[in-house]
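The structure appears below as C-alpha cells.
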Amino acid sequence: MTSILAIAFGSMAYFKPGDPQLHEAFALTERIAALLGPSEQIREFFPILQKILPSSRAEFVDVRKTMVKFYGGLLERFKKEKVTDECFVNEILAKGSLTDLQIISFASLFIGAGSETTASTLEWMIALLANHPEIQTRVYEEIKNNVGLERLPNHEDGNIDIINFSTYISTLY
C-alpha cells in the first residue's frame, strides 16, 4: 500500500508501518472493495436484482465522503508542500485540466486498483513459495545477499532480481 501511495502522491505519502494515515488508507481501501464487491457487480449487470439485493446508498455516500476527506487531505498537503517528485498526481496537475475532486477520484481508483492487484500477486507468490521450498530458498538467499537480514527490503533497494518474481515463476512451469 505504501508503495502505491508513493507512486500516486510521491515520497510524502510513503508512510512508515504503524502510521495512523496508513491504517486509514488500508481501512478505506477495504471498505471500498467490500462495497463494490460481487453483489454490487451482479446488481449492475442485472438491474432487476436491485429489488431483491438492495444496496445501501447511505454506505456509498459515507464511503465517498471518507474517500474525499482522506485523499483530499493528501492532495491539499501535496500542493502545500509543493511536492516535485515524479508521481501520478504531479502528472495530472501538470496538465491542469482536472478539478481537485476529479484528481481525488482518479487517485482513489489508481490506489485501489494497484492495491488489489498487488495483494492478489502476493497471495499467489506466498502460495507458490510454500509449495516450492527450493524457490523459497533461492528467494531467501537473494534477500540475504542483497538486502541483509537486519532489516526489511524497501523501495530504496531498487530492482533486485527477486522482485522480478516472474523469473522464478517461469522456472516452475
Next on the checklist: Within the range 1-54, take every residue that is aromatic (Phe, Trp, Tyr) and assigned to a helix (DSSP H, G or I) and give me the one that is surrounded by the most Cβ atoms within 10 Å (Cβ to Cβ).
Outcome noted: Phe9
Checklist outcome for this item: Of (1) in contact with a helix residue (DSSP H, G or I) (Cβ under 6 Å, 6 or more places away or on another chain); (2) not in a helix (DSSP H, G or I), Gln136 fails just (2)
Item to check | Odd one out for Ser11 among (1) touching a helix residue (DSSP H, G or I) at 6+ places or on another chain (Cβ under 7 Å); (2) among the polar types (S, T, N, Q); (3) in contact (Cβ under 8 Å) with a residue 40 or more places away in the chain | outcome: (1)
Item to check | Gly96, sole failed condition from (1) on the phi < 0 side of the Ramachandran plot; (2) out of contact with any Ser or Thr (no Cβ under 6 Å at 6 or more places or on another chain) | outcome: (1)
Checklist entry - Do we find a residue being under 13 Å from Phe9 (Cα atoms) and outside any helix (DSSP H, G or I) anywhere in the range 63-70? => result no
Checklist entry - Listed residues Ile92, Ile104, Ile111; which is assigned by TED's automatic domain parsing to the domain that holds Phe9, touching a residue at least 60 places away in the same chain (Cβ under 8 Å) and within 29 Å of Ala13 (Cα to Cα)? => result Ile111
Next on the checklist: Of everything in the range 59-87, what is modelled with pLDDT of 90 or more and not charged (D, E, K, R)? Give them in sequence order.
Outcome noted: Thr66, Met67, Val68, Phe70, Tyr71, Gly72, Gly73, Leu74, Leu75, Phe78
Next on the checklist: Exactly one of these conditions fails for Gly73: (1) more than 22 Å from the chain's Cα centre (by Cα); (2) outside any loop (DSSP other than H, G, I, E, B). Give me its number.
Outcome noted: (1)
Checklist entry - Is it the case that the range 57-65 has a residue that's without any contact (Cβ under 8 Å) to a residue 40 or more places away in the chain, aromatic (Phe, Trp, Tyr) and either surrounded by 13 or more Cβ atoms within 10 Å (Cβ to Cβ) or over 16 Å from Ala107 (Cα atoms) (or both)? => result yes
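The values are calculated or read from the model by the stated rules, or taken from the named source; none is laboratory data. These numbers come from a predicted model, not from an experiment. In this analysis, Cβ positions are derived from the backbone assuming ideal geometry, glycine residues included, and neighbour counts consider all displayed protein chains.
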